[in-house]
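In what follows, a single structure is set out as structure tokens and then discussed.
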Amino acid sequence: MISSPSNPFCGKSDFLNTSELIHNWYPKLSECFQQTALTFAPCGWLWLTAGFHLAYLRRHTRFISLTTTWLHPARLVVALLLCATSELHLVLPLIGNTSYPPSYYLSHSVWLVTYALVCFLMVLSRRSGVTSPCVVFLFWLFTLISWIIPFYIVNLEKAYESDETSYILKIVTFGLIVFEFGLQLVGDTKINILQQELYKLVCPAMTASFVSRLTFSWVFRLVYLGYKRVVVISDIFDVPGYMQCRYNVPAFKAAWDKELQFKPSRKNTKKFSAYFSIDSLRESLKSETNGSALSPEPNEKTRLLPKPSKEADDGDVVVKPGHRREKPSLLRALAKVFFVPLFKAQLVGLLADVMLFMNPLLVGELIAYVEVKDEKDFPEWTGYIMAVAFFAVAVCNSLISNYRYFVCNNIGQRVKTVLSAAVYRKSLLANAEARRKFTVGNIVNLMSVDCPRFRDTTASLWVLVSWPCQITVALYLLYNVLGIAFLAGLITLVLLIPINARITTLMRRAQARQLAVKDQRIKLVNEILNGIKVIKLYAWEPSFEKKILELRKQEATQLRKGQTFTSISVLIWVASPVLVTVISFVAYVLITGDSLTPSKAFVAMNLINTMKEPMNTLPLLISQMVQCHVSLVRLQDYLSGEELDGKDTSISTRDFPIVMRNATFTWERSYTPLLQNISLKIPQGTLTAIVGPVGAGKSSLISAMLREMEQLTGQSSILGQVAYVPQQAWIQNMTLRDNILFEKQLENEFYQKVVSTCALEADINLLQGGEMTEIGEKGINLSGGQKQRVSLARAVYQEADLYLLDDPLSAVDAHVGKHIFQNVIGPQGILRDKTRIMVTHGVHWLPLVDSIIVMDQGKITEAGSYRELMTHNGPFAQFVRTYLLEHQDEEVEDPDVLRMQEEIKHQVDIVTSDEDQQRAITSSSEESSLKRSGAYKRKKHLQNPATKKVDGGAQEDDTKRKNNISLIGEEKVEEGQVRTAVFLALLRSFGYIPAAFVGFSLILYNGANMAASIWLTDWTSDEYLLNETHQGTGKYISKTNLYLGVYSAISAVQILVNGVFVMLVYVQMVTASQRLHNSMLNSILHQSMAFFDTTPVGRILNRFSRDVDVFDLSIARLVRHVMQQFFTLVVIVVIISYSTPIFLVVVAPTMIIYILIQRFYISSSRQFRRLESTSRSPIFSHFAETINGASSIRAYDVCDRFYRDSQSKLDENNKCTFAFDSAARWLKVRLQFLASVLVFFACIFAVTSNDISPSLVGLSVTYALQVTESLSLLVEVMTMLESNTVSGERIVEYIGLPPEPTWINKQCRPHKDWPEEGNISFFNYSTRYRPQLDLVLKGISLSVQKGEKIGIVGRTGAGKSSLSMALFRAIEAAGGSILIDNLDISTIGLHDLRAGLTILPQDPILFSGTIRFNLDPFDQHSDTAIWEALDHAHLGTFAKELPGQLEYVCEEGGQNLSVGQRQLMCLARSLLRKTRILVLDEATAAVDLETDALLQDTIREAFRDCTVLTVAHRLNTVIDYDKILVLSNGEISEYGTPNELLEKPSGIFYSMAKESGLMQ
């Protein structure tokens, strides 16, 4: 008995009277204990935490404000009433003249002050927008618990008989506390959301009470909705404000920018002082006094060195002596932002870790109770108290651990979000060197694979804190149980650490290699998807499939290595509890010589079981951390890469917005400068033309103005808002009108004016949806000319100050080009008051520009007005003369053009000598002779610089889009359960025999586990061994050794078969993933073009990156967990049923409830995961679109807008993940509560049963405690497995896509040299693009003889491209047939057909790889043949000068070649095939004049004996063909020779020729 009779503080009452406590039928606590411990515990909590809560209120970010409702006043009133009851308690002794000890007065004084403090905190929290603060709620919870004891004591002792007033006061106080606690359970439902416009559907967590947040009740409505019907993304609430990008991204950006300040700038440290002095050196070229493009010439007064500056230039890097620059640390930046909330969560989680060890201690007490429960000195109520304690510990542990996991998960999601946003931002700002180092494939992998790894790792970081804590406490308690023998278990754990460390190193290396190969694979897949049309029309699918399969094989090799190491690591840590148990028991028996008792054995087992969770989780964390470390290095390398220089306005003025002074530019510092000594000034409001031969640096100069290139020396500056029209138009996947508006407000009158001046009215009228027609990715359903005009219209509509136009007229016809120049660009155009810089090849527009810059070999050779430059025989005059001589045999019909040409010729004759002219004529005579002697000479016209496009610019057959206002459909989202067929497909890919071995090994493992437990029970309940008098006898020792030996052998079997199981699952799953990937790749390559036209690249890439990655690394772990937990659960039920059969009465209904809850939850969870997958695709589609248009986005200065768009898509994806995680926590809390009920009943049965041994009690309760974790973990991992199987579902969906017709028809194969003649016949042929669409070709019948040259013309939507695609069977016949050399093409395989044809498409598609691979991917041709093709394509000299020649590597998309060179490479590719039939599908639509001339000459010479079908881009291209086919609305309107058709004034061809200026 603990008492203090001499201490007057408590009066006559003892602090804790143990005799009175034990010998009562209920737990009776003294008045002193109630007035001290039960007062100071809850009140002390509030006073200790109030300061932290006030600090939180001061610093937290407000997302809501609370409106006044009845709830808050009610809470305050009740709290104030409690203040009043405390005052009454203090006044009561004075009224009744009763003597109370000091503890009484102190207790109620403390309560009074504490109630006042809690009122203050509630008011302040409300004003700060904090609903149901944790500190306040826990205070009321602790207060309620502390007042329960006085409440039942005064009632059981009938205190109302002795002191009725005090009794009533206590009852009223208790009632008020209960009422206040009930009010605290209710959340604040009426709130005002700050920045309401940022939310579509407010997250209910923002209004939930603390209990609702702790138990995740706030997510119930969404889970219930998912049970009732299929959830769509609009049903899901937005993430809370603290999870949104707008809150997290700026904080991380600030931290990362601070890290980058410490990074030494390579570009600055490499500059020499001479570079700075060059800025003020003389400018090399003379300037016009009227404001021409060049600045004044220096004189003797020009300073050669700049004036000394007092401060270092902003661009200079100042290095202090002795200061070492640190490398920017991504980990440090993340820690600055997320460490504090993560630390708080871990701190709370430590409480759950400590509570775990209450279970072994309670097990020991329960076994001790069962051993002596018949003795009278042991109170009966203690058994029930222990059962309640088991239940309370389990519930509290569940709530706290779920809170920790949820918070860590959310922090992980925030980390992933900020990194994804950072990668996106970097892709907008990275310079050329960084873009070369990190291709699209690399960056897609960074977003889809590397960033999510941080989420998973951050969510599991609690193990790093929990594991040491749990292991330390467990070992300490194990020491108390087993004594010095625990060191054996400790040594075992210590020895495992270096082994695992070595394995971790090997895992990291394998991961790094695997990711490097994965980058290459995704990069190649991305290239294939972007160039799929060329690949299919050239029948190159097998070659590219082989390349990807080779990369995938290399990746799988590294994956197998990594998974082998992972499985070894998993086995080490999963087997470690078994090893520690066996070795500890062996050491105990050998050291003490004693046998095991029930209390020692089962308490030790419980302690070791508490280590199971961290040991099971540790291998996952190690694997994740290894992967995360690799990703960290990759992301850090990318994010710390150099960026483009910002916009500089230092030397520009309003009169001269663009200024360059002796500037030298390069794409990369390791390359030779491309632009050298550039000096110019562009006056405000003028039109400047940039001219020069191919490769002179014209487009590079535009890029330099946009700061796209690296400036090495000199100065450059640009002032004002810029609009940019690139040479290759960038079109977004949105409506045509939205592409023009570019998110600027619609001003209808101005918009219509822009559409009209950019010659888009006719195109819009032909579209079924008009201006609201959706444009596919990369403008797939627009022609090159239409894309260019949309790009120009976008620029015009922005009403910018400066317009940089990179050859905007090259892709349009002469008529449209003239219209655009006159109405948009020229002196009378809509942009006449703007500053315009235009790269052009159309010399006939040069007299109308204000100034001209002539470039050659990266230098400005001459500059000035047209009139000035034509006054002498300079570089410009030479350029014009060369141009005119090359086109001297062209006939000119347009009078305006003829007049300008005559004027130019006259001026050239004046300034050039006869000798020069004769030399120029001689130098070009060979080429001119070749042009005149072609097999089918074409009639040339001066419109050639931008000659007539017969359909106004339609490359793709526009009928395709006439039937489709919306081209890109929504991604399919499956509903309901994952189909059985999906699981069967996964099982087939895994293999039936390996699956059987997996099941067999798992059954053996769990059988051994069960046998070990039962054997241990028999050992500890052996009557002979329990008798202490037998210790030391031979029989005692032999029996102990027998039990120990068998137990050790069974444990060894456990470890062995578990190793087989783990290794099979991890390694074989890589094989399964490889098979699925290969099947999906094969299926994708067997799709028709219609699939790729309607499916965004990002959607397909998502499957090849993220979904495949899930199978590579995640599914194996989940399968292992599901199978292990299921069999563990079976073992638990068998063991408990064996030890306590009555327990089945509780287990059966509980299992039913478990299954019902799981079924209730799984439909929602599965759909959340599906929506998360589908909402991820727009992120990648937007990302790919951004990369393609990065230069335009930067030029328009809308990087921030696109950055915000990307963040909104991230938030949309995050809300699906947040809903999934919240629902998972909702499920786990409820399942663990049910498991806690099972533990409670197991304890109750142990307490109430009279015929159960202590060993069986220990066994029963030990396994009952495992039910808590096993049942909830089983449902959780089953849910996660099914949710992750959504990735498999998406892969299987693509595997099951209906393929295009067979590539090789073995029953009908043409001979090797087919087609030998090249005859083509159409018989009543009709076709459509997709089954639900209208016919695009109707009843086509015509015959083409061998060697004929057929021009195909027609208005927009006539069906021209459809005809060429039909020839390749890119679209299948709906009726009729096509015969080539009398062979029906529908009867042979696609590859046999396409191998016999050659097409030269408009878009020049090249792939990353050598020149040899781009020309001959099948290695069918010799080097000689390849060089001959390159020579014919005018690329031979160029290729021979390249390093490596044929082995020279073309970058992704051929970025290291000009557009013209790419098209000539495509021509060389066609020359190498040299089939009897050639199709030109507007092959010169988007190239400049010189490239067009080279193409036409080569085609005319190399294919003189071939049948040629040309979808006409310019009428003069086909005017000298043998026949012209005129299509109209999918039917043949006219067919005959050009002369025959020109003799029909009412015909379509005649009217088109007239519009083109070919007819007078």
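The values are calculated or read from the model by the stated rules, or taken from the named source; none is laboratory data. Worth saying up front: this structure is predicted, and the values here are computed from it rather than measured. Please note: Cβ atoms are built from the backbone with ideal geometry, for glycine as well, and neighbour counts cover all protein chains shown. With ligands, DNA and RNA removed, areas are computed over all heavy atoms of the protein, side chains included. Shrake-Rupley method; radii C 1.70, N 1.55, O 1.52, S 1.80 Å.
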| task | Just check region 1198-1273 against the gyration tensor rule for me: Cα atoms, a ≥ b ≥ c as the square roots of the eigenvalues, rounded for a/c under 1.5, and otherwise prolate or oblate depending on whether a/b exceeds b/c. | result | prolate
| query | In whole percent, how big is the carbon plus sulfur part of the accessible area of region 1059-1218, probe 1.4 Å, protein atoms only? | reply | 63
| said: What does the extension gain come out to for Thr1410 and Glu1447, with contour length at 0.36 nm per residue minus their alpha carbon separation? | reply: 12.8 nm
| query | In a solvent-free Debye calculation with one equal scatterer on each Cα, what is log10 I(q)/I(0) for region 1219-1377 at q = 0.12, 0.16, 0.18 Å⁻¹, listed in the order of the q values? | reply | -0.77, -1.03, -1.15
| message | Suppose each label sits 7 Å from its Cα in the direction of the beta carbon; what would the Val172-Ala1049 distance come out to in nanometres? | response | 7.6
| Applying 1/(1 + (r/R0)^6) with R0 = 35 Å to the Cβ-Cβ distance of Glu1543 and Lys1440, what FRET efficiency is obtained, to the nearest 0.05? | 0.10
| query | Top to bottom by accessible area (1.4 Å), largest first, where do Arg513, Arg867, Arg1099 land? | reply | Arg867, Arg513, Arg1099
| note | Taking R0 as 60 Å and r as the Cβ-Cβ distance between Thr1302 and Lys253, the FRET efficiency 1/(1 + (r/R0)^6), rounded to the nearest 0.05, comes to 0.65
| For Thr1387, solvent-accessible area (1.4 Å; no DNA, RNA or ligand), Å² | 50
| note | For Glu777, Glu747, the accessible-area ranking with a 1.4 Å probe, largest leading, is Glu747, Glu777
| Can you give the three extents of the C-alpha atoms in region 751-825 along their principal axes, from longest to shortest, in whole Å? | 32, 25, 22
| field | Euclidean distance of C-alpha centroids, region 558-612 and region 1226-1252, integer Å | value | 26
| said: If I model a spin label at Ala55 and Thr592 as a point 7 Å from the Cα along the Cα→Cβ vector, what separation in nanometres do I get? | reply: 4.6
| remark: Check: C-alpha center region 1417-1453 vs C-alpha center region 1349-1384, spacing in Å is 32
| What residues qualify as long-range amide H neighbours of Ile1399, i.e. H under 5 Å apart, gap of 5 or more or another chain, H built at 1.01 Å from N? | Val1479
| task | Could you rank Val1198, Val463 by how accessible they are, 1.4 Å probe, largest area first? | result | Val1198, Val463
| request: Report the calculated FRET efficiency for Leu984 and Val494 (r = Cβ-Cβ distance, R0 = 51 Å), to the nearest 0.05. | output: 0.65
| note | In whole Hz, the Karplus estimates of ³J(HN,Hα) for region 500-508 (6.51, -1.76, 1.60; θ = phi - 60°; x where Gly or Pro) are 5, 4, 5, 4, 4, 4, 5, 4, 4
| field | Contour excess over end-to-end distance, with Cα ends at Asp1520 and Tyr152 and 0.36 nm allotted per residue | value | 481.5 nm
| Cα gyration tensor of region 1053-1169, axes a ≥ b ≥ c as square roots of the eigenvalues: rounded (a/c below 1.5), prolate (a/b > b/c) or oblate? | oblate
| message | What figure, in Å² to the nearest 10, do you get for the accessible area of Asp763 with a 1.4 Å probe and non-protein molecules left out? | response | 10
| task | Convert 37 °C to kelvin, take the viscosity as 0.692 mPa s, use the Kirkwood radius over C-alpha pairs of region 698-786 as Rh, and evaluate the Stokes-Einstein diffusion coefficient in µm²/s, rounded to a whole number. | result | 213
| Residues listed by number, region 1119-1138, amide nitrogen under 12 Å from Arg1159 label point at 7 Å toward C-beta | none
| message | In whole Hz and in residue order, list the ³J(HN,Hα) couplings for region 1466-1474 that follow from phi through the Karplus curve 6.51 cos²θ - 1.76 cosθ + 1.60, θ = phi - 60°; x for Gly and Pro. | response | 5, 5, 4, 4, 5, 4, 5, 6, 6
| said: Testing the spin-label approximation: label points 7 Å from Cα along Cα→Cβ at Gln857 and Asn1041. State their distance in nm. | reply: 9.7
| Per 5 Å bin from zero, what fraction in whole % of the C-alpha pairs of region 615-679 is there, up to the bin with the longest pair? | 4, 11, 11, 14, 11, 9, 8, 7, 6, 6, 5, 4, 3, 1, 0
